[in-house]
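Asks: There's a structure below that I have some questions on.
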Amino acid sequence: MNACLDVQHLTKSFGALLLFEDISFSISEGQRVGLVARNGMGKSTLLSILSGKEGCDSGDITFRRDLRVGFLEQAPHFDPEESVLDACFNHEGNEEKVLRAKQVLTQLKIRDLNQPMGQLSGGQQKRVALANVLLTDPDLLILDEPTNHLDLDMIEWLEGYLSRGNRTLLMVTHDRFFLDRVCNLIIELDDHTLYTYRGNYAYYLEKREHRLEVARAEIERATNLYRRELEWMRRQPQARGHKAKYREDAFYELEQRAKRRIEERQMRLKSTNVYIGSKIFECQYVSKAFGDKVMLKDFYYNFARFEKMGIVGNNGTGKSTFLKLLLGEVPVDSGRFDIGETVRFGYFSQEGLKFDEQQKVIDVVRDIADYIDLGRGRHFTATQFLQHFQFTPEQQYNYVYKLSGGERRKLYLCTVLMRNPNFLVLDEPTNDLDIQTLQILEEYLTDFPGCVIVVSHDRYFMDKVVDHLLVFKGDGVIDDFPGNYSQYREWCALRPREESTANNTERSEKRDYRNPSKRKMSYKEKMEFARLEKEIAALEEEQKHIEAALCGGTSSVDEITQMSRRLPLLKEELDEKSMRWLELSEIEG
């Protein structure tokens, strides 16, 4: 295959911060390449270098002669006075080009082609920029986070568009479904080095784990040999003076290999110190409209304890508005939210948090708390918490102004979680976070002993975290689906197209939220219900054994002390599991 792009021995640093060193790769015609790395490792910088917007320290970049390159940056800039159509491309009045532009813009939900760019939101401007790149029909597409600000319909349309034909592209995205379905080659920036995986995202995960296992074994072997060589190096110079100099040189190479670090989290961040009462919130026939645009109409919902809800739907259907109504940031038109007294919200918004640029990362978190109490005598310091979310000790003492966009979002996330809330409300938490951070957040939310509401277009993330969905369809129509996003899509696909249309019409006309019906128990809840029955029986048996032993008079002082400490913890756990069992038992099986 013909090479569209060839990169050789590329190095880039900012002062003392080395992003990557001596990396080489090439992209051939028809290859669809996904670039993955942790936040701050240089993904966007590499794309900017390739697009000519930024220079490198050393190396060679060669494009095929006459290659047309289209570049989508994270934050595009437009003349605020020019129209949407003029911002797209120089159409020169060509009706065929204008028609094509209308088709692509319509797919991306941009319908007023005469609207000035200055009147569009940041998300709408990003979609116009994406349309512009696609319409120029380049030989090589370079896309930085193309799925940000797209709803699920747009993402699925873009998947199909990029997968058709023999397109060549290089992109950075956190959307793992998108990577899996579009890309046929993954390159990873890690530890200043580039690794290549000739397959999709699932293939990359498998081979990356194998690479890390080999690296761990190599480091262990180097560490053992290093200890032996270190003894030799510590001898008096005259004692080793007759030895060959090559052994000294080899020692310093060995020292570098032995001191390599593979960033790993040794434990999952499980907290047992989050308490939330049985009453969470009741959304009592809430209505909200902005002019003629209806967001909620007499909507009723009773949120259950430990519930993990996902909210999906097209842009502008009211998802973020619902969160702001719940949190009291936007007033309702009618109805009310009745919120339990024990509920402590932690809100991660799309807008983010404004930081003091001159503050150090560790001080931002310590201003909230010095540590987070995990319960049962365990706690995480601010330093440990940041390290768990992949801020190295060196990064923790960096100033905020030095952080990349993704690192700022990650720091904002840490400030929300560090307050130890019992109800997390997350509005598009996956935007600009790297895949490793998303995996950590997924683990955190899976183990989280409180309640969660997530608005997200990240299908992979939603499948991992939520147990049922509210599907916002617009005009105040909201469907409650007992399952995750993939199950919802499968359910939609099973219905004939005509039946789907008829059902949607009937639902919008006849659905009455004033008579809320019981929802069905999801598959995940059924599994949890069965597991709880076994766990409760085991805990009750242990409680009987301890109570009998305490009354028997045959136990030693140490045994009595241990059992006395265990009994209240056991009762607390039994009460919690029994409460959850009762809640599940009230749901239809």
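The values are calculated or read from the model by the stated rules, or taken from the named source; none is laboratory data. Only a predicted model underlies this, so the values are computations on that prediction, with no experimental measurement involved. Here Cβ is always computed from backbone atoms with ideal geometry, including for glycine, and neighbour counts include all displayed protein chains. SASA here: full protein model, heavy atoms, side chains in, ligands and nucleic acids out. Shrake-Rupley method; radii C 1.70, N 1.55, O 1.52, S 1.80 Å.
Asks: Would you tally the residues in the range 436-447 being open to solvent by 10 Å² or more (accessible area, probe 1.4 Å) and of a type outside the set (Val, Ile, Thr)?
Replies: Total meeting the criteria: 6.
Asks: Still on this structure, I have one more. Within the set of pairs 6 or more residues apart or between chains, which connect a residue that is within 12 Å of Phe306 (Cβ to Cβ) inside the range 434-454 to a residue that is among the hydroxyl-bearing types (Ser, Thr, Tyr) and surrounded by fewer than 17 Cβ atoms within 10 Å (Cβ to Cβ) with Cβ atoms less than 8 Å apart?
Replies: Pro449/Thr272
Asks: Next up: Restricting attention to strands (runs of 3 or more DSSP E) lying wholly within the range 1-79, give those where 3 or more residues are open to solvent by less than 40 Å² (accessible area, probe 1.4 Å) and touching an Asp or Glu at 6+ places or on another chain (Cβ under 7 Å).
Replies: The strands (runs of 3 or more DSSP E) meeting that bar are 3-14.
Asks: Still on this structure, I have one more. Looking at (1) modelled with pLDDT under 90; (2) within 22 Å of Val172 (Cβ to Cβ), which one does Asp447 not meet, given that it meets all the others?
Replies: Of (1) modelled with pLDDT under 90; (2) within 22 Å of Val172 (Cβ to Cβ), only one is false for Asp447: (2).
Asks: Still on this structure: If a residue must be touching a helix residue (DSSP H, G or I) at 6+ places or on another chain (Cβ under 6 Å) and either farther than 14 Å from Arg409 by Cα or in a strand (DSSP E or B) (or both), how many such residues does the range 358-367 contain?
Replies: Going through the range 358-367 one residue at a time, the tally reaches 3.
This table checks each residue for (1) touching a residue at least 60 places away in the same chain (Cβ under 8 Å); (2) assigned to a loop (DSSP other than H, G, I, E, B); (3) more than 22 Å from Ala37 (Cα to Cα).
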position	(1), (2), (3)
Pro331	no, yes, yes
Leu353	yes, yes, yes
Leu374	yes, no, yes
Gln395	yes, no, no
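Asks: In addition: Which fully enclosed helices (runs of 4 or more DSSP H) of the range 83-168 have 3 or more residues being open to solvent by 70 Å² or more (accessible area, probe 1.4 Å)?
Replies: 95-107
Asks: Also: Between a residue in the range 102-119 that is over 18 Å from Phe78 (Cα atoms) and any residue that is small (Gly, Ala, Ser) and open to solvent by less than 40 Å² (accessible area, probe 1.4 Å), which pairs come within a Cβ distance under 6 Å, given they are 6 or more apart or on different chains?
Replies: Val104/Ala131
Asks: For the range 376-390, enumerate the residues that are of a type outside the set (A, V, I, L, M, F, W, C) and either more than 20 Å from Phe448 (Cα to Cα) or assigned to a loop (DSSP other than H, G, I, E, B) (or both).
Replies: Hits for the range 376-390 are Arg376, Gly377, Thr383, Gln390.
Asks: Condition first: surrounded by 18 or more Cβ atoms within 10 Å (Cβ to Cβ) and in a helix (DSSP H, G or I). Can you find one or more residues in the range 186-199 that meet it?
Replies: no
Asks: Enumerate the pairs (first residue in the range 1-12 and of a type in the set (Gly, Ala, Ser); second residue anywhere and open to solvent by less than 50 Å² (accessible area, probe 1.4 Å)) with beta-carbon separation below 8 Å, excluding pairs fewer than 6 apart on the same chain, so at least 6 apart or on different chains.
Replies: Every condition considered, the pairs that remain are Ala3/Ile27; Ala3/Ser28.
Asks: Further, regarding this structure: Checking Gly160 against (1) in contact (Cβ under 8 Å) with a residue 24 or more places away in the chain; (2) closer than 27 Å to Leu67 by Cβ, which single condition isn't satisfied?
Replies: The one condition Gly160 does not meet is (1).
Asks: OK, next. Can you tell me which residues in the range 374-400 are closer than 17 Å to Leu19 by Cβ and open to solvent by 40 Å² or more (accessible area, probe 1.4 Å)?
Replies: Listed by number, the residues that qualify are Glu394, Asn398.
Asks: Another one. Could you please let me know if Arg408 is open to solvent by 20 Å² or more (accessible area, probe 1.4 Å), of a type in the set (Lys, Arg) and farther than 24 Å from His149 by Cβ?
Replies: No, not satisfied.
Asks: Moving to a separate point now. Note down all Cβ pairs under 9 Å where the first residue falls in the range 185-199 and is over 18 Å from Gln390 (Cα atoms) and in contact (Cβ under 8 Å) with a residue 60 or more places away in the chain, the second is open to solvent by less than 30 Å² (accessible area, probe 1.4 Å) and part of a loop (DSSP other than H, G, I, E, B), and they're at least six residues apart or on different chains.
Replies: Leu185/Gln31; Leu185/Gly199; Ile186/Gly199
Asks: Something else: Which residues, taken from the range 338-368, are closer than 23 Å to Tyr275 by Cα, surrounded by 17 or more Cβ atoms within 10 Å (Cβ to Cβ) and aliphatic (A, V, I, L, M)?
Replies: Across the range 338-368, the qualifying residues are Ile339, Val343, Val365.
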